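Visitor: What follows is a single structure, and I will ask about it in a moment.
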Amino acid sequence: MAEEVKIVMFCCNWCSYGGADTAGTARMQYPPNIRVIRVMCSGRIDPQFVLKAFREGADGVIVAGCHMGDCHYDAGNYKLDRRMRIIYNLIEELGIERERLYHDWISASEGEKFANTVRMMVAKIKDLGPSPLKEQIEA
Amino acid sequence: MADKIKIGTMWLGGCSGCHLAIADFHESLIDILELADFEFSPVLCDTKYDEIPELDVCIIEGGIRNDENRELAELLREKSNLVIAFGTCAVYGGIPGLGNLHTVDELTTEAYINSVSTPNDEGLIPNEEVPHLENRVRSLPQAIDVDLIIPGCPPRSDVIAEAVLTLLKGGTIELPTTNLCEVCPREKPPEGLAMDFVKRQMEVGKPEDDLCLIAQGLVCLGPATVSLCGAECPGIAIPCRGCYGPTAKIVDAGAKMISAIASDYRVGDDKTVDPEEVAGQLDDLVGTFYSYTLPAALVPMKMQKGGK
Ligand code: SF4
Ligand code: SF4
Ligand code: SF4
Ligand code: FES
């Protein structure tokens, strides 16, 4: 279905992935449009990961890490935060709406925030429509 | 001599600068001509596209910008035993690849109608008997199989001559796996590549002599660039713009470099620095980080609005 937008979500192992688990064990409902990829730390997220997701046909990308001060490796999320600000500008130069990308901090106990983030992003991406990038690259 | 190796060269979507680097072989040319003959080369001889001979080695400059480039690339692939993607345009798309930020319509309108030096009162865009632009610039390996790459804009003449001689003598060629910083004589600060601010060269003036340029606030692409040129630009106080492209391990040179700069920006104040600060100091990201490699990047072109 054309409506079935796909969102790739990178979650750090120690907080945000835990947040996904918490949402799951509490049986919170959220749309099935996301594919979660676990990384050890949000600091591991390279801009290449985000660009690759868009290239392979993701309609949106979410990056989630621990709250500031909680990163298991001390400061990975601070570095990611600086990186993300540049990536928003970069994708915009490449014609990809910056709304297709989102990053936030979700702790292991914040199942509700996890579910809300997914709901918010799915709604936003449905509004924007599917990304034509992959088709244009393969044309 | 009958058993001399037959070399061909061709220019596609490039600027001919790479061919000038061949013309700059100097004495090495004598060594090369002992082993090989140039049988087909638009810069050296009269060439006819319907008389391309069988070649042992074909050295191709430039990427694929139009349908003629593609046709010739395919033809030369058929005629040649070994194809070398020669120069950054061939290997990664090169500077013409920045055209991928625009549609074909925008490009032709700019070139034929808006350009002040082109009188064209009727606003005609030639479309007969001229090659048609493809929707974007592609690198040579995106169009045909290549056996070897020699990047550089243009590659240094001594590097090419050595590579060609090695090949002619039956040897194999390996590109360095190290980045430019490994061979750059500038001193790296102990904190790594930390920048405290981003400046343009005109704001810095002449940088300090021996210190790494990144530490002085200049965006030097050395960390994401292959060490083939021997750090020519930092050697004369100019930041590297990445003209030789990345090392083999890097998929997307621009993204890798953005990552490095953002991670280490004011890393000493990691937790207090405004995360927006470094982003605010960089503009024209594609022009800065992808000047030579956009067609080979993960997102190789500007997305045109679609969706709803
Ligand atoms: S790589 Fe540089 S010198 Fe060679 S054709 Fe391209 S722009 Fe010209
Ligand atoms: S000046 Fe450039 S190439 Fe040299 S060490 Fe610094 S970043 Fe690397
Ligand atoms: S230092 Fe960088 S820009 Fe200068 S020649 Fe080498 S690779 Fe090219
Ligand atoms: S471990 Fe979660 S952001 Fe570093």
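Visitor: Return the carbon/sulfur percentage of the accessible area of chain B, one whole number, probe 1.4 Å, all protein chains in place.
Guide: On the way: 7760 of 15030 Å².
That fraction is 52 percent.
Visitor: Using alpha carbon coordinates only, what is the Rg to Rh ratio of region B:81-142, with Rh defined as the Kirkwood radius? Intermediate results must be reported in sequence, preceding the final value.
Guide: On the way: Rg = 14.7 Å, Rh = 13.5 Å.
We get a ratio of 1.08 for region B:81-142.
Visitor: On alpha carbon coordinates alone, what is the Rg over Rh value for chain A, Rh being the Kirkwood radius?
Guide: Radius of gyration relative to Kirkwood radius: 0.96.
Visitor: Rounded to the nearest 500 deg cm²/dmol, what is the calculated helix-only ellipticity per residue at 222 nm for chain B, with -39500 (n - 2.57) per DSSP H run of length n ≥ 4? Working shown, then result.
Guide: On the way: 12 runs with 86 residues, N = 308.
Calculated from helices alone, the mean residue ellipticity at 222 nm is -7000 deg cm²/dmol.
Visitor: When chain B is treated as a GNM, springs tying every alpha-carbon pair under 10 Å, which of B:Ala73, B:Ala231, B:Ala279 comes out with the largest mean-square fluctuation?
Guide: Of B:Ala73, B:Ala231, B:Ala279, the most mobile in the Gaussian network model is B:Ala279.
Visitor: Sticking with this structure for a sec: Just name one of B:Pro190, B:Ala161, B:Met202: the one whose Cα is farthest towards the positive end of the charge dipole of region B:153-204 (beta-carbon charges, Lys/Arg +1, Asp/Glu -1).
Guide: B:Ala161
Visitor: Further, regarding this structure: Let me know the shape class of chain B, please: from the alpha-carbon gyration tensor, a ≥ b ≥ c as square roots of the eigenvalues, rounded when a/c is under 1.5, otherwise prolate if a/b is greater than b/c, or oblate. Could you put the intermediate results ahead of the total?
Guide: Working: a/c = 2.25, a/b = 1.32, b/c = 1.70.
The shape class here is oblate.
Visitor: Could you bin all the Cα-Cα distances of region B:144-298 into 10 Å bins starting at 0 and give me the percent of pairs in each, rounded to whole numbers?
Guide: 10, 37, 33, 13, 5, 1
Visitor: Also, quick follow-up: Whole number in Å², please: accessible area per residue of the protein assembly as shown, 1.4 Å probe, ligands, DNA and RNA not counted.
Guide: On the way: 20880 Å² over 447 residues.
Spelled out: the 1.4 Å probe surface of the protein assembly as shown, per residue, equals 47 Å².
Visitor: Tell me, what is the 1.4 Å probe accessible area of A:Glu112, in Å² to the nearest 10?
Guide: Answer for A:Glu112: close to 90 Å² accessible.
Visitor: Just flag the trypsin sites (Lys or Arg not before Pro) in region B:11-91 sitting in loop per DSSP whose Cβ has no more than 13 other Cβ atoms within 10 Å. Write out the running numbers ahead of the final one.
Guide: On the way: sites: B:Lys48, B:Arg65, B:Arg70, B:Arg77, B:Lys79; in loops: B:Lys48.
Sites meeting the loop and neighbour criteria: B:Lys48.
Visitor: Okay, next question. Would you mind giving the mean number of other chain beta-carbons within 10 Å of the Cβ of each residue in B:254-265, as a whole number?
Guide: 6
Visitor: Around A:Arg98, under 12 Å between beta carbons, what's the net of Lys plus Arg minus Asp minus Glu among the other residues? Write out the running numbers ahead of the final one.
Guide: Details: positive: A:Arg85, A:Arg100, A:Lys124; negative: A:Glu92, A:Glu93, A:Glu97, A:Glu99.
Around A:Arg98, the surrounding residues sum to -1.
Visitor: GNM on chain B, C-alpha springs below 10 Å: top fluctuator among B:Glu162, B:Glu27, B:Glu54?
Guide: Answer for the Gaussian network model of chain B: B:Glu27.
Visitor: Compute the semi-axes of the equivalent ellipsoid of region A:92-139, taking the square root of 5 times each eigenvalue of the Cα gyration tensor, and list them largest first in whole Å. Can you show the working numbers first?
Guide: Values: eigenvalues 147, 26, 17 Å².
Taking √(5λ) for each Cα gyration eigenvalue gives 27, 11, 9 Å.
Visitor: Which residue fluctuates the most in chain B, going by a Gaussian network model with Cα springs under 10 Å, if the choices are B:Thr108, B:Thr88, B:Thr293?
Guide: Highest fluctuation among the options: B:Thr108.
Visitor: Return the average number of partner chain Cβ atoms within 10 angstrom of each residue Cβ along peptide A:36-47. Walk me through the intermediate numbers first.
Guide: On the way: counts 0, 0, 0, 0, 0, 0, 0, 1, 0, 1, 8, 10.
Counting other chains' Cβ atoms within 10 Å and averaging over A:36-47 gives 2.
Visitor: Please give the total accessible area that chains B and A bury against each other, computed with a 1.4 Å probe and expressed in Å² to the nearest 100.
Guide: On the way: alone 16730 and 7540 Å², together 20880 Å².
Summing both chains' loss of accessible area gives about 3400 Å².
Visitor: Right, here's the next one. Once you sort the root eigenvalues of the Cα gyration tensor of the protein assembly as shown as a ≥ b ≥ c, which label holds: rounded (a/c under 1.5), prolate (a/b larger than b/c) or oblate (the other case)?
Guide: Values: a/c = 2.11, a/b = 1.57, b/c = 1.34.
Prolate shape, in that a/c is at least 1.5 and a/b is the bigger ratio.
The values are calculated or read from the model by the stated rules, or taken from the named source; none is laboratory data. What you are looking at is a predicted structure, and each value in this text was computed from that prediction instead of being measured. Virtual Cβ from ideal backbone geometry, glycine too; neighbours counted across all protein chains shown. Note: accessible area is taken over every heavy atom of the protein model, side chains too, but ligands, DNA and RNA are not part of it. Shrake-Rupley method; radii C 1.70, N 1.55, O 1.52, S 1.80 Å.
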